[in-house]
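Below: one structure, written as structure tokens.
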Amino acid sequence: MPEFPVLLLGNPELNRVSKAVDRSELGEVVELVGNLRDTLNAFRARHGVGLAIAAPQIGVFKRVVYIHVTAPIVLINPVVEPLGDEKLETWENCLSFPDLFVKVKRHKACVLTYRDLNWREIQVSLTGGMSILVQHECDHLNGVLSVSRAVDGRSFCLASERRFIRQSALNPWSSTRLAESTGG
Ligand SMILES: [Zn+2]
């Protein structure tokens, strides 16, 4: 399956709100997931980073997310609810702005509810890196990018200057290069 062009920061399409998937659309979702997988894999091969991609990033305005941290996970109609009040400060980048890091605050823990490709409803509690990642991806489905959640005016850093970012804030994941980015 082909790699699709990823919409980049500045493209107003990234601010569109995506539509919920109906069960009758599952066949199309299978094809969409293949395209998301191929696009994410091609991006990782080129940039060495990238953990997830949301359908609107390839111009499909459906509530579908493809995550591949240790194994592929497909989220259909995901909903994230914060668990507790604690927030983490983290530097995120994104397939839609791979050359930029943005400092944001995310809920440390959340409850994620979604459907899988068999239309089973699944609910999981997440903390740390995975919690941050699904909040980032669900934002995409609502047309929200990390840049609009920047903590303050000093919350932007070019990827080339990332050495100035405190490592622990850059990376709630392990220290492998692939895992440096929380973005998708
Ligand atoms: Zn993103």
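The values are calculated or read from the model by the stated rules, or taken from the named source; none is laboratory data. Being a predicted model, the structure only gives us computed values, none of them experimental. With ideal geometry, Cβ positions are generated from the backbone for all residues, glycine too; neighbour counts draw on all protein chains shown.
A few comments on the model shown:
- Condition met for VAL60 (of a type outside the set (Lys, Arg) and either under 30 Å from SER24 (Cα atoms) or more than 16 Å from the ligand (Cβ to nearest atom) (or both)): yes
- Yes/no for ILE76 being assigned to a strand (DSSP E or B) and within 21 Å of VAL111 (Cβ to Cβ): yes
- Looking across segment 143-166, the residues that are aliphatic (A, V, I, L, M) and within 25 Å of ALA54 (Cα to Cα) come down to VAL144, LEU145, VAL147, ALA150, VAL151, LEU158, ALA159.
- Extreme residue, nearest to the ligand (Cβ to nearest atom), among residues of segment 69-106 that are free of Cβ contacts under 8 Å to residues at least 40 places away in the same chain and more than 13 Å from VAL134 (Cβ to Cβ): PRO72
- Residue check for ILE53: part of a strand (DSSP E or B), modelled with pLDDT of 95 or more and within 12 Å of the ligand (Cβ to nearest atom): yes
- Any chance THR113 is touching a helix residue (DSSP H, G or I) at 6+ places or on another chain (Cβ under 6 Å) and assigned to a strand (DSSP E or B): no
Residue-by-condition table, conditions (1) within 27 Å of ALA159 (Cβ to Cβ); (2) assigned to a helix (DSSP H, G or I):
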residue: GLY27; (1), (2): no, yes
residue: VAL104; (1), (2): yes, no
residue: ASN118; (1), (2): no, no
residue: ILE122; (1), (2): no, no
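- Among (1) surrounded by 14 or more Cβ atoms within 10 Å (Cβ to Cβ); (2) free of Cβ contacts under 8 Å to residues at least 12 places away in the same chain, the one test that ILE58 misses: (2)
- One residue stands out among those in segment 128-152 that are away from the ligand (no atom under 16 Å from the Cβ) and modelled with pLDDT of 95 or more: the one that is surrounded by the fewest Cβ atoms within 10 Å (Cβ to Cβ), which is ASP152.
- Just so you know, in segment 15-25 the residues that are outside any strand (DSSP E or B) and away from the ligand (no atom under 16 Å from the Cβ) include one that is surrounded by the fewest Cβ atoms within 10 Å (Cβ to Cβ), and it is SER24.
- One residue from LEU75, LEU32, LEU7 being of a type in the set (A, V, I, L, M) and closer than 27 Å to LEU158 by Cβ: LEU7
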